[in-house]
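The values are calculated or read from the model by the stated rules, or taken from the named source; none is laboratory data. Keep in mind that this is a model prediction, so the values were computed, not measured. Virtual Cβ from ideal backbone geometry, glycine too; neighbours counted across all protein chains shown.
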Amino acid sequence: MRNVTAFIAGGLFGIGLLMSGMTDTGKVIGWLDFFGNWDPTLAFVIGGAIVPMFFAWRFAARRQVPTLGGVFPTAPEPRLDPALIVGSLMFGAGWGLVGLCPGPALASITWGGLSGAVFLGAMALGMLSTPHIRRGLGDRLSATSSPT
Amino acid sequence: MQIAWIWGLAGGLLIGLAATLYLLVNGRIMGASGIVGGLIDGSARSVAPERLAFLAGLIAVPGTFVAINGGASTQITENLGMVILAGLLVGVGTRLANGCTSGHGVCGISRLSPRGLIATFLYIFAGAVAVVALRLIVGAG
């Protein structure tokens with residue numbers, strides 16, 4: 001059952017990304033182009049996505065247990081570590097260069113052509129190397145292991 | 001209000017509903033980089049089937065829709081050196097920061113997480129700088 005609902009969530013996410021324009025790299029770059037011909041569409045996308053989730057988190061806080069069992073993810077310590085800062089700046093730079101972030105890159109793999117596939121390959125390689133980079137840098141990049 | 005903004009809002013609501021379903025029913029944070037990154041580096045072996053099912057939906061559903069209806073436009077650059085550099089930056093950056101647009105931007109901000117807010121500000125800032133820098137170097141636009 002978990003896998004069925006995960007598939008549905010993934011499918012909804014993918015359709016949402018396609019419908020909103022997030023899989024269109026030109027639109028994404030247009031949104032990041034604050035000093036040029038700025039396209040505000042993505043502000044509507046992020047705003048639209050945050051609204052249901054704002055209520056979902058409040059609902060989760062009262063319910064305590066997800067429908068299919070387990071526990072809700074705990075909030076990470078509100079700690080600013082170098083990994084969060086350096087990582088977010090690196091991610092943003094890559095996002096701005098070609099207009100793809102991980103979700104839309106995956107959703108558009110079937111129509112993204114060679115560039116789309118190469119992007120995902122390089123992204124996977126980067127993800128595979130990150131634990132080694134973390135180990136190499138040691139305490140200088142100490143970070144929490146939980147998401148967000 | 002332009003039509004693209006309404007599509008953006010509607011698509012955004014769907015993204016938010018997907019994240020709501022994944023949180024309230026499965027008890028998971030819908031963060032694309034975390035879901036795929038944990039599979040790639042092997043740290044998510046115990047929850048692999050659920051994550052693979054999520055990715056199958058994420059790829060197959062819009063893929064099928066586009067195959068039948070068309071209408072997907074991609075304007076991604078054909079400069080593969082640039083694509084590789086961007087992919088590496090996105091891969092390492094999202095894993096160092098523990099999140100991307102969906103994890104920090106959608107799930108983090110909606111939880112009023114300070115880390116999510118700061119990450120989102122920083123990657124949008126870096127993205128805007130990259131767009132301007134690229135234009136200055138290429139000399140286009």
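Which residue, of B:11, B:57, is free of Cβ contacts under 8 Å to residues at least 12 places away in the same chain, buried (at least 19 other Cβ atoms within 10 Å of the Cβ) and over 14 Å from the mean Cα position of the chain (by Cα)?
Numbers: B:11 fails: over 14 Å from the mean Cα position of the chain (by Cα).
Testing whether each residue is free of Cβ contacts under 8 Å to residues at least 12 places away in the same chain, buried (at least 19 other Cβ atoms within 10 Å of the Cβ) and over 14 Å from the mean Cα position of the chain (by Cα) leaves just B:57.
Take residue B:45 and tell me if it is at pLDDT below 95 and either surrounded by 17 or more Cβ atoms within 10 Å (Cβ to Cβ) or not aromatic (Phe, Trp, Tyr) (or both). So that I can check it myself, show each step before the final result.
Working: at pLDDT below 95: yes; either surrounded by 17 or more Cβ atoms within 10 Å (Cβ to Cβ) or not aromatic (Phe, Trp, Tyr) (or both): yes.
So residue B:45 passes the test.
Among the numbered conditions (1) within 7 Å of chain B (Cβ to nearest Cβ); (2) in a helix (DSSP H, G or I); (3) at pLDDT below 95, tell me where residue A:136 comes up short.
The number of the failed condition is (1).
Answer yes if at least one residue in segment B:105-119 is within 14 Å of the chain's Cα centre (by Cα), in contact (Cβ under 8 Å) with a residue 40 or more places away in the chain and surrounded by 24 or more Cβ atoms within 10 Å (Cβ to Cβ), and no otherwise.
Yes, because at least one residue in segment B:105-119 is within 14 Å of the chain's Cα centre (by Cα), in contact (Cβ under 8 Å) with a residue 40 or more places away in the chain and surrounded by 24 or more Cβ atoms within 10 Å (Cβ to Cβ).
What is the number of the single condition among (1) outside any helix (DSSP H, G or I); (2) buried (at least 24 other Cβ atoms within 10 Å of the Cβ) that residue A:84 does not meet?
(1)
Among the listed residues A:33, A:39, which satisfies the condition of being out of contact with any strand residue (DSSP E or B) (no Cβ under 6 Å at 6 or more places or on another chain), more than 7 Å from every other protein chain (Cβ to nearest Cβ) and over 27 Å from residue B:57 (Cα atoms)?
Values: A:33 fails: more than 7 Å from every other protein chain (Cβ to nearest Cβ).
None of the other options fit; the residue is A:39.
Is there any pair with a first residue in segment A:55-66 that is surrounded by 12 or more Cβ atoms within 10 Å (Cβ to Cβ) and a second that is hydroxyl-bearing (Ser, Thr, Tyr) whose Cβ atoms are under 8 Å apart and which are 6 or more apart or on different chains, and what are they?
A:55/B:20; A:56/B:20; A:56/B:110; A:57/B:110
Tell me which residues, restricted to segment B:25-42, are in a helix (DSSP H, G or I) and buried (at least 22 other Cβ atoms within 10 Å of the Cβ).
In the first step, residues of segment B:25-42 are kept if they are in a helix (DSSP H, G or I); the result is B:32-40.
Across segment B:25-42, the qualifying residues are B:32, B:33, B:34, B:35, B:36, B:37.
Can you tell me which of A:56, A:93, A:105, A:6 is at pLDDT 95 or above, in contact with an Asp or Glu (Cβ under 9 Å, 6 or more places away or on another chain), assigned to a helix (DSSP H, G or I) and not acidic (Asp, Glu)? Walk me through it before giving the result.
Working: A:56 fails: in contact with an Asp or Glu (Cβ under 9 Å, 6 or more places away or on another chain); A:93 fails: in contact with an Asp or Glu (Cβ under 9 Å, 6 or more places away or on another chain); A:105 fails: in contact with an Asp or Glu (Cβ under 9 Å, 6 or more places away or on another chain).
Answer to the check: A:6.
Which condition breaks for residue A:23 when tested against (1) in a helix (DSSP H, G or I); (2) modelled with pLDDT of 95 or more?
(1)
Among the numbered criteria (1) in a helix (DSSP H, G or I); (2) surrounded by 21 or more Cβ atoms within 10 Å (Cβ to Cβ); (3) small (Gly, Ala, Ser), which one does residue B:99 miss?
(1)
Can you tell me which residue within segment B:59-82, out of those that are more than 7 Å from every other protein chain (Cβ to nearest Cβ) and in a loop (DSSP other than H, G, I, E, B), is modelled with the highest pLDDT?
Only one residue tops the list, namely B:79.
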